[in-house]
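Comments concern the structure below.
The values are calculated or read from the model by the stated rules, or taken from the named source; none is laboratory data. Bear in mind the structure is a predicted one, so any value in this text is a computation, not a measurement. All Cβ positions, even for glycine, are placed from backbone atoms using ideal geometry, and neighbour counts span all protein chains on display. All accessible areas refer to the heavy atoms of the entire protein, side chains included, with ligands and DNA or RNA removed. Shrake-Rupley method; radii C 1.70, N 1.55, O 1.52, S 1.80 Å.
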Number of protein chains: 2
Amino acid sequence: MRRSDRLSEIIEIVQDGRLHLARDIAECLEVSVRTIYRDFDTLVASGVPIDGERGVGYMLREPVFLPPMNLSLVELEALHLGMAIVAEAADTELQVASASLAGKISKVATANGRVPKRWGFGVYPFVQAKLGFKHMPAIRKAVREQEKLEIDYRSLDSKASTRTILPLQIEYWGRVWTVSAWCEKREDFRAFRIDRIVTCALTGDHFEDEPGRTLEDYLERVNSDLTQTDKNY
Amino acid sequence: MRRSDRLSEIIEIVQDGRLHLARDIAECLEVSVRTIYRDFDTLVASGVPIDGERGVGYMLREPVFLPPMNLSLVELEALHLGMAIVAEAADTELQVASASLAGKISKVATANGRVPKRWGFGVYPFVQAKLGFKHMPAIRKAVREQEKLEIDYRSLDSKASTRTILPLQIEYWGRVWTVSAWCEKREDFRAFRIDRIVTCALTGDHFEDEPGRTLEDYLERVNSDLTQTDKNY
DNA sequence: GCTTCAACTGACAATTGCTGGCAGTTGAGT
DNA sequence: ACTCAACTGCCAGCAATTGTCAGTTGAAGC
């Protein structure tokens, strides 16, 4: 096995975000532990963010590692447009992230003479965009990790209610954001405008997909009855 | 110089999308030509899309090469949200590209156990989104490459006109797209709704930034007089 | 304070892989 | 037929990688 190949192998092994011992990796790749130590030196010298702690093991500092990739020019353009929109239309955390991502990509792709210096995408702020982002990060987390949420909601006709919901998807409507969820109170799907959620608490309760309550079920329902979703927010 | 470092060096050299001779690269990196041939073998074996043609030289097949990178989870999330929006709100070419990019990224980041299977972003179609995309690709190209455009425009009050414009920026307004440009006819900045451009031709004329006609000048103007832009479409 | 664990470091001999030079082949274009 | 430059195989020399061994270091637990 070539050394350069082994280095990629090591990255793939460490990529799961868990702790790894040099001993295990050495065994797995059939080289000596000493060699693994040297390999980690090389990787760190090349800028791969690996932390080694004495008596503990090795771990990737940044959760997501992207191996070398090839993009077409159009894909790169789509990425920059997407980041421009997100930088304008989403919550602060995502705004920062999109700017940072666009920066990272620009930096490494700039060397290429065929990449335009400027992408020329502008995005105009949406009137309601400033408000109602308070709970976005929490809701995004809940969607990602399938965690139940407890929310105080104030509907458009000003009726307040408290519910436990199983958030399935966040929707972007151009001016407002909604979260579609299974509502335990109503025992049905509901869509909530994020800017009208008063308080929002992560319960810590994980939920699994259950027949009749999945995102797919919801989307099917929406498709079969397009007016249905509009009623709830 | 370590071999693995030289391999990255070679990629950086070839990255400009132009043709390169093994001889030149060898000279630049101070190794023999034979070594360069071996290096290209290694790179190709590792999946870097390099084409070598006898009697011609070496070239990167895909225009943009992304070196290994590290992203935070939030950056990855921003990327997927951005791609979801672009997949819904932009022209066909960008739609395809955004889907393809999201797919590529998912594929290589899937191995990591900490990356969610599903991002849970939905984007609802905008009413006017279906129409008016006909000229988007051409306009995007013109903005990227600073090329003059000749357009037939039909303003909101149905007045038709033909103009030569220097497109500076494409703007996304949530429901409509506009292109801001220096208009040679009016000798001033104008913003045009893309869905109201009847015909649109790339002239092949390249233009450079000129004082008073740059994107920066335009943005300054817009900032100082917010109502100005709304008049023109 | 002692022990344990596993990351680290340094040294050295063995070996592997890389390198340069050379002589030739191949395929495309002129 | 000729040129160009990518490619291939071979070989000797050398530089990089490797395993072994014998340590040190820092954190955590007892």
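Side notes on the structure shown:
- Rg of the Cα atoms in chain B, relative to 2.2 N^0.38 Å, amounts to 1.31.
- Nitroxide proxy distance, nm - points 7 Å out along Cα→Cβ at residue B:173 and residue A:16: 5.2
- In the stretch A:23-83, the trypsin sites (Lys or Arg not before Pro) that fall in loop regions by DSSP, at most 16 other Cβ within 10 Å: A:54, A:61
- When the other protein chains are added to the chain by itself, burial of at least 50 square angstrom of heavy-atom accessible area (probe 1.4 Å, ligands and nucleic acids ignored) affects these residues of the stretch B:2-50: B:2, B:15.
- Gain upon complete extension [residue A:61, residue A:156; 0.36 nm per residue less C-alpha separation]: 29.8 nm
- Across the identical copies, the label point of residue A:28 (7 Å from Cα in the Cβ direction) is separated from its matches by 3.6 nm, in order from shortest.
- 3J(HN,Hα) from dihedral phi, the stretch B:63-77, Karplus parametrisation 6.51/-1.76/1.60, rounded to Hz, x for glycine, proline: x, 10, 10, 9, x, x, 9, 10, 10, 7, 4, 5, 4, 5, 5
- Average beta carbon contacts from partner chains per residue of A:89-100, 10 Å cutoff: 4
- Peptide B:141-152 shows a mean partner chain C-beta count of 2 within 10 Å per residue C-beta.
- Interface A:B - total buried accessible surface [probe 1.4 Å, Å², rounded to 100]: 7200
- Heavy-atom accessible surface of chain A, averaged per residue, reaches 49 Å², computed with a 1.4 Å probe.
- Separation of the alpha carbons by more than 25 angstrom is noted, of B:117/B:141; A:141/B:107; B:134/B:159; A:117/B:107; B:104/B:148; A:134/A:159, for B:117/B:141; A:117/B:107; B:104/B:148.
- Heavy-atom accessible surface of the protein assembly as shown: percent carbon and sulfur, 1.4 Å: 49
- Computed log₁₀ I(q)/I(0) - Debye formula, equal Cα scatterers, no solvent, the protein assembly as shown, q 0.05 Å⁻¹: -0.24
- The stretch B:1-59 and the stretch A:152-177 have their alpha-carbon centroids 55 Å apart.
- Checking every one of the trypsin sites (Lys or Arg not before Pro) in the stretch A:121-223 against DSSP loop status and a limit of 16 other Cβ atoms within 10 Å picks out A:134, A:159, A:175, A:185, A:186.
- Note, ³J(HN,Hα) from phi for the stretch A:149-165, Karplus 6.51, -1.76, 1.60, rounded to Hz, x at Gly and Pro: 10, 10, 10, 9, 10, 10, 6, 4, 8, 6, 7, 9, 7, 10, 9, 9, 10
- Residue B:173 label point (Cα plus 7 Å toward Cβ) to equivalent points in the other copies: 2.0 nm, shortest first.
- Heavy atoms of residue A:1: accessible area, 1.4 Å probe, square angstrom to 10: 150
- Of all residues in chain B, the one whose Cβ lies closest to the rotation axis carrying B onto A, together with that distance in whole Å, is B:82, 1.
- Calculated mean residue ellipticity at 222 nm for chain B: -12000 deg cm²/dmol, from DSSP H runs with n ≥ 4 weighted as -39500 (n - 2.57), summed, divided by the residue count and rounded to 500.
- Distances between placed amide hydrogens fall under 5 Å for residue A:17 paired with A:60, all partners being 5 or more residues away or on another chain.
- Spherically averaged projected area of the stretch B:3-60 from its Cα convex hull (nm²): 3.5
- Listed values for the stretch A:91-108 are Karplus-derived 3J(HN,Hα) couplings in whole Hz (6.51 cos²θ - 1.76 cosθ + 1.60, θ = phi - 60°), namely 6, 3, 4, 5, 4, 4, 4, 5, 5, 5, 5, 4, x, 4, 5, 4, 4, 7, and x replaces Gly and Pro.
- Number of partner chain Cβ atoms within 10 Å, mean per residue of A:52-65: 3
- Relative contact order of chain B, defined on C-alpha pairs under 8 angstrom at six or more residues apart (%): 12
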